Amino acid sequence: MTVLLVFATAILVASIVPGPDFVMVTRNAMLSGRASGMWTALGIALGVSVWVVATAAGLAALLAASAAAFTIVKIAGAAYLVYLGVRSIIAAFKDRSKPVVEVDLERRMSRWAAFRSGLLCNLLNPKAAVFFTALMPQFIGGGAHWAYVGELAAVAMAANGLWFLVLANLVGLMRRFLTRPRVRAWLNGITGGIMVALGLRVASN
């Protein structure tokens, strides 16, 4: 139990540090509502559990050790972030000319689209492979039983999901203010710029 608590704390602390996942949840909750932010959070949490299992299976270590595989994932993740960032920046210019009612009643992102965006954002982050490759050996040792790996995956999903669900709800509570055309345009531009910057940073590292 103590080991699982320490593991949960490590995952929670790593999740709180702002990064692509943080930006994705904030963006989706702001643009499409609390529910979309929560589904995004669940996608990210599933991605984290996948990394735990992949690391235990040695796949993450292989990815971190293979320059070609790491580069492919890095470029794919960077391209995805830049793509979303550019879309947000374009939307920022469009939002400036929209009346309040049109912005507020804009069609919401589907649950699957929100979930998928969170999952892909997490799985296409090459730094996750490095993080879990460094973290997991401290908890699984040599040849851990798969039932225990499953427990670690569940704990990681819970710790990560808890933080991002809280974040989605906080942003959702402020959405009435955040969806004002001028505020929304600024936030769209800011989050879009951050995503592009993160994508370029991922690609250049």
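Where a number appears in this text, it was derived from the coordinates with a stated rule and is not lab data. Bear in mind that the values here come from a model prediction, so they are computed numbers and not experimental data. All Cβ positions, even for glycine, are placed from backbone atoms using ideal geometry, and neighbour counts span all protein chains on display.
If you keep only loop residues by DSSP, which trypsin sites (Lys or Arg not before Pro) in the range 1-88 have at most 14 other Cβ atoms within 10 Å of their Cβ? The partial results should precede the final answer.
Details: sites: ARG27, ARG34, LYS74, ARG87; in loops: none.
In loop regions of the range 1-88 (DSSP not H, G, I, E or B), there are no sparsely surrounded trypsin sites (Lys or Arg not before Pro).
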Once the dipole of the chain is set up with Lys and Arg at +1 and Asp and Glu at -1 on Cβ about the Cα centre, which of VAL130, ALA91, ALA69 lies farthest towards its positive end? ALA91
Binning at 10 angstrom from zero up to the longest distance, how are the C-alpha pair distances of the range 1-62 distributed in percent? 21, 40, 31, 9
Roughly how many debye, to the nearest 20, is the charge dipole of the chain about its Cα centre, given +1 on each Lys and Arg Cβ, -1 on each Asp and Glu Cβ, and no other charges? 840
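Set the Förster distance to 30 Å, then compute FRET efficiency between ALA197 and TYR148 from the Cβ-Cβ distance, nearest 0.05. Spell out each step's value before the answer.
Working: r = 39 Å, r/R0 = 1.29.
Calculated transfer efficiency: 0.20.
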Table column - 3J(HN,Hα) (Hz), the range 115-123, Karplus curve with 6.51, -1.76, 1.60, x for Gly and Pro: 4, 5, 5, x, 4, 5, 4, 6, 5
Between VAL86 and ALA158, what is the label-to-label distance in nm when each label sits 7 Å out along the Cα-to-Cβ direction? 4.2
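Once Rh for the chain is found with the Kirkwood sum over Cα pairs, what is the Stokes-Einstein diffusion coefficient at 25 °C and 0.890 mPa s, in µm²/s?
In µm²/s, the coefficient is 140.
Given a cut-off of 14 Å, what percent of all Cα-Cα pairs of the range 109-160 lie beyond it? Provide the component values of the computation, followed by the final result.
On the way: 884 of 1326 pairs.
Result: 67 percent of Cα pairs exceed 14 Å.
Assuming R0 = 41 Å, what is the FRET efficiency of LEU173 and ALA65, from their Cβ-Cβ distance, to the nearest 0.05? Please report the intermediate quantities before stating the final value.
Values: r = 44 Å, r/R0 = 1.06.
About 0.40, to the nearest 0.05.
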